[in-house]
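Working notes, beginning with the structure itself.
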Amino acid sequence: MIAIYPGSFDPITLGHFDIITRGSKLYDRVIVVVSRNPTKNPLFTVEQRIAQIKKTTHHLTNVEIDSFDGLTVTYAEARQAKVLLRGLRVLSDFEKELQMAHTNKTLSDEIETVFLATSTEYGFLSSSLVKEIAKFGGPINHLVPQHVALDIEKCYGKSHS
């Protein structure tokens, strides 16, 4: 069975990587899909985010990286995926994600949303938080893969070790 793990991944965090790794053990194939959201102002281009995720997941043989414009359900149907994989950190995530899952179900009855609770050590972690810490010169090596920390350092021109 194919699962889609959609998101902006700007940047990929160790929390994202945890969900990808755990999802790869549950499904035959996990397609990590970087969304092209014109309403957001990302730090990295879609191509840079794809490269970061590929480098992070290179050892997971059943993980594929892609990008898309439009509705996640439409993309999932085109890839013959039956599952949308979503990570949950806190109660506010659940409320937002449950609403989205119900909405997606109205668009396609064939696709199920499966929630994975984040591992305890990543329950607080978000890409926005990483960028905020980095912007002010704080350490981020414990929050993102090392190569991503270096990419962020280049963006902000500061050391984040």
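Springs join every pair of Cα atoms under 10 Å in this Gaussian network model of the chain, and among Ser92, Ser128, Ser108 the largest mean-square fluctuation is at Ser92. Shape of region 54-98 from its Cα gyration tensor (a ≥ b ≥ c, root eigenvalues): rounded if a/c is under 1.5, otherwise prolate when a/b > b/c, or oblate? Verdict is oblate for region 54-98.
Think of each Lys and Arg Cβ as +1 and each Asp and Glu Cβ as -1; about the Cα centre, that makes the dipole of region 96-147 roughly 300 debye.
Based on DSSP H segments of at least four residues, each scored -39500 (n - 2.57), the chain has a per-residue ellipticity at 222 nm of -13000 deg cm²/dmol.
Between the listed residues Ile31, Gln80, Leu60, the Cα displaced farthest toward the positive end of the dipole of region 1-102, a dipole computed from Cβ unit charges relative to the Cα centre, is found at Leu60.
Decide, for region 2-121, between rounded, prolate and oblate: order the square roots of the alpha carbon gyration tensor eigenvalues as a ≥ b ≥ c, take rounded if a/c falls under 1.5, and otherwise choose prolate if a/b is larger than b/c, else oblate. Rounded, since a/c falls under 1.5. Placing a label point 7 Å from the Cα of Lys154 along the Cα-to-Cβ direction, the residues of region 25-59 with a backbone N closer than 12 Å are 44-45, 48-49, 51-52.
The slack in the chain from Met100 to Phe115, taken as 0.36 nm per residue of separation less the alpha-carbon distance, amounts to 4.2 nm. Length gained on full extension, Val90 to Asn141, computed as 0.36 nm times the residue gap minus the Cα-Cα distance: 16.1 nm. Scanning the chain for chymotrypsin sites (Phe, Trp or Tyr not before Pro) lying in DSSP loops with no more than 15 further Cβ atoms inside 10 Å, the longest uninterrupted stretch between such sites is 1-123.
Amide H contacts of Glu64 (H built 1.01 Å from N, in plane; Pro and chain starts excluded): Val30, Ile31, Val32 sit under 5 Å, all sequence-distant by 5 or more or on other chains. Counting lysine pairs in region 2-121 that sit 8 or more residues apart in sequence, or on different chains, and whose Cα atoms lie under 19 Å apart gives 6. Summary value for region 1-67: 41 percent relative contact order, contacts being C-alpha pairs under 8 angstrom separated by 6+ residues. Based on C-alpha pairs under 8 angstrom that are at least 6 apart in sequence, the chain has a relative contact order of 27 percent. Against the chain, whose longest principal axis is taken from its Cα atoms, helix 146-156 shows a tilt of about 70°.
Values in this text are rule-based calculations from the coordinates and carry no lab data. Because the structure is a prediction, the values reported are computed rather than measured. Reconstructed Cβ throughout: ideal geometry from the backbone, glycine too, with neighbour counts over all protein chains shown.
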